[in-house]
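Okay, so here's the structure we're looking at.
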Amino acid sequence: MSIFDTAFDLLLAASMVWLAWNVLTSKDLFRAVVLFIVFGIITSLAWIRLDAPDVALAEAAIGAGLTGVLFLDALGYIRNSNRSGSLIKKFLPGALTAGLCLVILAVVSGLPENEGLAALVMNNMENSGVSNSVTAVLLNFRGYDTLLEVGVLLLAATGVLSLRTVEVDVNRQEAIKHRDPVLSAFSRLIAPLMVLASCYLLYAGTYAPGGAFQAGAVLASSLVLLRISDFPPPAWIKAVTRSMIAAGFLIFLITAGASMINGRNLLQYPSEQAGSIIFFIETALAISIAFILAELFSEWKDNR
Amino acid sequence: MHIIELISGLLIISGGFFFFAGTIGLLRFPDVYTRLHALTKADNLGLGLTIAGLLLATDTLTYAIKLMLIWAIVLLTGASICYLTASAALRSKVLPWRKQ
């Protein structure tokens, strides 16, 4: 660890703390949202410094990108985008969090020495069917956790869909009149590239950083871009969206259960076909996650 | 090989200088339009010089093409976002700063 590495890490940690403080206490909500997006990008850098490129990709796509867009969209509906800042409100939570931080540091440094599960994972890699250890753990060794995660995502999408009210947008007609040629051209150029990038991330997940969540997040960003740029959706898109949202969890569940036919346990893939089964599940998951995350943003609007 | 590393380092450092100048412009310029101007300078030239420096340090043609694609896509995105932000600001009646 050279002096530059240490200096960079310290700078990263200090900027993360400073950004988090400003997000929580700044009076202007727009500034808080923009700093939150920057915080997501700096966290992604921190993940890279911790040698976790898969998590860094997911953090940049979902934490910084999609969550930032959700916040900005919510900000547009808020009338008064300022908040009051009294002293107690600022410093009491800060002091409590700092105290919790110190307690966690004390407990973690007192834990017994443990080399972790890395050796166990590396020894079983040839049985998993893929060469990327993160994908192997996510979809093979701990596939049950991923199955439940996708179930949670499906529940979140169901909740959002059921709470969504039909909004009569008076400004909609004005927005259509102002349809920007640059935005249309830009989204037409970028959206296919984003789909290509997500396909690459999905395929590369088997041997390099990538995988279903990252590919789904990039695909979701392309769908959100199309919705923002008032792209007229085809007529069949609403039915397809509803089925795609459920398809990921359903296909994962069916594949997990199908392995029980020949007497194996749930999610115990046969070793020779584990690679193809994992890729099949990942494809379904990526498409499903993309539609779920895009549905959290807004629904398809018929704007002709 | 040593001279190529030197040139690569110089290119990356000059790219960093443009990013620094863009950040100072973002912090010190008086209104949206001038700040956008500073930011897009940092985007195009700073990133271009950084990628030129990195191109000298790559091993395979694949990496070189990927780096140039990254620069092209960032150029496209930066230019579009700059135009959209400025036009949205104009529609919200943000007046350009005039020297008093």
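Overview of values
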item: Test: B:Ala21 is in a helix (DSSP H, G or I), surrounded by fewer than 16 Cβ atoms within 10 Å (Cβ to Cβ) and small (Gly, Ala, Ser); result: yes
item: Which numbered condition A:Asp51 fails, given (1) in contact (Cβ under 8 Å) with a residue 40 or more places away in the chain; (2) outside any helix (DSSP H, G or I); result: (1)
item: The listed residue being part of a helix (DSSP H, G or I) and in contact with a Cys (Cβ under 7 Å, 6 or more places away or on another chain), out of B:Thr40, B:Thr85, B:Thr50, B:Thr62; result: B:Thr40
item: Residues of the stretch A:116-138 satisfying the condition of being in contact (Cβ under 8 Å) with a residue 24 or more places away in the chain and polar (S, T, N, Q); result: A:Asn127, A:Ser128, A:Ser131, A:Asn132, A:Thr135
item: All positions within the stretch A:229-249 that are over 12 Å from A:Ile287 (Cα atoms), out of contact with any Leu (no Cβ under 9 Å at 6 or more places or on another chain) and either free of Cβ contacts under 8 Å to residues at least 12 places away in the same chain or not in a helix (DSSP H, G or I) (or both); result: A:Pro232, A:Pro234, A:Ala235, A:Trp236, A:Ala239
item: Residue count for the stretch B:32-87, restricted to those that are within 14 Å of chain A (Cβ to nearest Cβ) and charged (D, E, K, R); result: 2
item: Selected residue [assigned to a helix (DSSP H, G or I) and within 14 Å of another protein chain (Cβ to nearest Cβ)] from A:Leu202, A:Leu219, A:Leu226, A:Leu193; result: A:Leu193
item: Number of positions in the stretch A:250-267 that are under 19 Å from A:Thr283 (Cα atoms) and not in a helix (DSSP H, G or I); result: 2
item: Unique match (being surrounded by 20 or more Cβ atoms within 10 Å (Cβ to Cβ), small (Gly, Ala, Ser), at pLDDT below 95 and touching a Phe, Trp or Tyr at 6+ places or on another chain (Cβ under 8 Å)) among A:Ala20, A:Ala56; result: A:Ala56
item: Some residue of the stretch A:205-216 being part of a helix (DSSP H, G or I), surrounded by fewer than 19 Cβ atoms within 10 Å (Cβ to Cβ), within 14 Å of chain B (Cβ to nearest Cβ) and small (Gly, Ala, Ser); result: no
item: Residue within the stretch A:145-161 that is surrounded by 15 or more Cβ atoms within 10 Å (Cβ to Cβ), part of a helix (DSSP H, G or I), modelled with pLDDT of 85 or more and among the charged types (D, E, K, R) present; result: yes
item: Residue among A:Leu29, A:Leu11, A:Leu105 that alone is at pLDDT 85 or above and touching a helix residue (DSSP H, G or I) at 6+ places or on another chain (Cβ under 8 Å); result: A:Leu29
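Residues checked against (1) touching a residue at least 40 places away in the same chain (Cβ under 8 Å); (2) β-branched (Val, Ile, Thr):
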position: A:Ser198; (1), (2): yes, no
position: A:Gly210; (1), (2): yes, no
position: A:Val218; (1), (2): yes, yes
position: A:Leu226; (1), (2): no, no
position: A:Thr255; (1), (2): no, yes
position: A:Glu272; (1), (2): no, no
position: A:Ala284; (1), (2): no, no
position: A:Leu296; (1), (2): yes, no
position: A:Glu299; (1), (2): yes, no
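The values are calculated or read from the model by the stated rules, or taken from the named source; none is laboratory data. Predicted model, so just to flag it, every value in this text is computed and none were measured. Every residue, glycine among them, receives a Cβ derived from its backbone with ideal geometry; neighbour counts consider all protein chains shown.
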